[in-house]
Amino acid sequence: MIALLLALGSSLAYGCADLLGGLGAHKAHVLRTVLVAAPAGLAVELLLWPVLGASFSTATVGWGAASGAASAAAFVLLYRTPAIGPMNVLSPVTALVSAALPIAVGLLQGERLTATGLLGLPLALVAVVLVSAGHGANAARPARTALLPAFGAGAAIALHLVFLHQAPSGSGVAPLIVGRAVSSAVTLGAAAVAMSLLALI
């Protein structure tokens, strides 16, 4: 039950990040939005350190860094996607991909789905298809240029979750702290490169 509640809370947090990040990317460049979001997440995780503890082993740092690189890509693609297409269509696509890939990895590692899980996957696929189909003359249809970032964001989120899962148990928030530090550094570096290129134009 605790795992289920944590999963629901995580889904809610990702949904809010998707919504608020997309709205922010509508009003400002996506890189500016990420530059605020990534350090903000790091600040929250540092505040949780004394409460949840952290153990920085070599494996923890390695998997945390890998998750951070995937997280940086997820941030950019996730916030870019709603800025160029209909959020009510693209967000479910991202959510489905980000859920399906970790399930596939778990199955490859020997895990098994319950009957509820086996029923839920096709229902989720049907839901995405129905939402994406829309109705009426004013229904928004996403272009291929918007669908590709949606799939990419889902894949990056999935890798982020898979890498975090590989971190040793008992490491606390250490993988999250390392990952967010890496994603913040990557986005700051990307911003510096972008600003340098703009200065040369």
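The values are calculated or read from the model by the stated rules, or taken from the named source; none is laboratory data. As the structure is a prediction and not an experimental result, all values here were calculated from the model. Glycine also receives a Cβ, built like all others from the backbone with ideal geometry; neighbour counts cover every protein chain displayed.
Among the residues of the range 93-120, those that are loosely packed, with under 14 Cβ neighbours inside 10 Å, in a helix (DSSP H, G or I) and modelled with pLDDT under 80 comprise Ala115, Thr116, Gly117, Leu118, Leu119. Where residues in the range 121-145 are at pLDDT 70 or above and among the small types (Gly, Ala, Ser), which of them is surrounded by the fewest Cβ atoms within 10 Å (Cβ to Cβ)? Applying the filter and picking the extreme gives Ala127. With respect to Leu164, determine if the residue is touching a strand residue (DSSP E or B) at 6+ places or on another chain (Cβ under 9 Å) and modelled with pLDDT of 90 or more. No: the conditions fail for Leu164. Sub-7 Å Cβ pairs linking a first residue in the range 171-187 that is farther than 21 Å from Val51 by Cβ to a second residue that is among the aromatic types (Phe, Trp, Tyr) and part of a helix (DSSP H, G or I), at least 6 apart or interchain, are Ser183/Phe75; Thr187/Phe75, ordered by first then second residue.
Does Leu42 satisfy the condition of being modelled with pLDDT of 85 or more, surrounded by 13 or more Cβ atoms within 10 Å (Cβ to Cβ), in contact with a Lys or Arg (Cβ under 6 Å, 6 or more places away or on another chain) and not in a loop (DSSP other than H, G, I, E, B)? Yes, satisfied.
Of all residues in the range 167-201, those satisfying the criterion of being of a type in the set (Ser, Thr, Tyr) and modelled with pLDDT under 85 are Thr187, Ser196.
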